[in-house]
Amino acid sequence: MEEKEFTHFDGNGNAVMVDISEKQPTRRIATAQGKIQVNQAVMDAILNHTAKKGDVLGVARVAGIMGVKQTASLIPMCHTLLITKCTVDFEIDETNLTITAFCTVKTEGKTGVEMEALTGVQVALLTVYDMCKAMDKRMVLTDIHLVEKTGGKSGDFNF
């Protein structure tokens, strides 16, 4: 296996932002997903739109998109990117009492949007937790991961 050069450190071992100035812009897309395990009361409140704080998944969708746009402010070495498209969607599994969040982010740029997609999923799920924690504080966020990404020097990735 070929050893990779660490590009996030300078010659003295200090953390640095990677220089992408010489890279050519390409179309880049990343999708991430994660789950939140809830109890029956939380699931019912989400499905019936009876949560006291309002439309849980609607607010979580907006929060996830906002999280995507703030990724560079949260992750120290991330570049600020012009996001061309972002979606946050949910899949509800009533039998297993889980809600899966999916975040897809697109850009035309010099660096990828994997961190943005992962941040969007986390913020969406944290918003579900925040809006429902009065009903149950035992909710668990789990299985957060990059599903796929396209574009860039490292090529395509599928989980």
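The values are calculated or read from the model by the stated rules, or taken from the named source; none is laboratory data. Computed from a predicted structure; not experimentally measured. For neighbour counting, all protein chains shown are included, and Cβ atoms are generated from backbone atoms with ideal geometry for every residue, glycine included. Areas reflect the complete protein model, heavy atoms only, side chains present, ligands, DNA and RNA absent. Shrake-Rupley method; radii C 1.70, N 1.55, O 1.52, S 1.80 Å.
Can you tell me how many residues in the stretch 69-120 are in a loop (DSSP other than H, G, I, E, B) and under 24 Å from residue 22 (Cα atoms)? Quick ask: steps written out before the conclusion?
So the first thing to find is which residues in the stretch 69-120 are in a loop (DSSP other than H, G, I, E, B), and the list is 70, 75-82, 94-97, 110-113.
Then drop every residue that is not under 24 Å from residue 22 (Cα atoms), which leaves 75-82, 110-113.
Total satisfying the criteria: 12.
Results for (1) in contact with a helix residue (DSSP H, G or I) (Cβ under 6 Å, 6 or more places away or on another chain); (2) modelled with pLDDT under 95; (3) among the β-branched types (Val, Ile, Thr); (4) buried (at least 19 other Cβ atoms within 10 Å of the Cβ), shown as yes or no for each residue.
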| site | (1), (2), (3), (4) |
| --- | --- |
| 105 | yes, no, yes, yes |
| 109 | no, yes, no, yes |
| 115 | yes, no, no, yes |
| 118 | no, no, no, yes |
| 121 | no, no, yes, yes |
| 125 | no, no, no, yes |
| 128 | yes, no, yes, yes |
| 132 | yes, no, no, yes |
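Could you tell me whether any residue of the stretch 46-63 is open to solvent by less than 60 Å² (accessible area, probe 1.4 Å) and within 30 Å of residue 155 (Cα to Cα)?
Looking for residues that are open to solvent by less than 60 Å² (accessible area, probe 1.4 Å) and within 30 Å of residue 155 (Cα to Cα), one finds at least one in the stretch 46-63, hence yes.
Considering 75, 36, which residue is of a type outside the set (S, T, N, Q), surrounded by 15 or more Cβ atoms within 10 Å (Cβ to Cβ) and in contact with a helix residue (DSSP H, G or I) (Cβ under 8 Å, 6 or more places away or on another chain)? Step through it out loud before you land on a result.
On the way: 75 fails: surrounded by 15 or more Cβ atoms within 10 Å (Cβ to Cβ).
Exactly one of 75, 36 is of a type outside the set (S, T, N, Q), surrounded by 15 or more Cβ atoms within 10 Å (Cβ to Cβ) and in contact with a helix residue (DSSP H, G or I) (Cβ under 8 Å, 6 or more places away or on another chain), namely 36.
Taking the condition of being part of a loop (DSSP other than H, G, I, E, B) and either under 24 Å from residue 145 (Cα atoms) or touching a residue at least 24 places away in the same chain (Cβ under 8 Å) (or both), how many residues in the stretch 30-68 meet it?
Total meeting the criteria: 6.
List pairs: first residue in the stretch 9-21 and part of a strand (DSSP E or B), second residue basic (Lys, Arg) and surrounded by 10 or more Cβ atoms within 10 Å (Cβ to Cβ) anywhere in the structure, Cβ distance under 9 angstrom, at least six positions apart or on different chains.
none
Would you check which residues across the stretch 144-155 are at pLDDT 95 or above and in contact with a Ser or Thr (Cβ under 8 Å, 6 or more places away or on another chain) and list them?
146, 147, 148, 149
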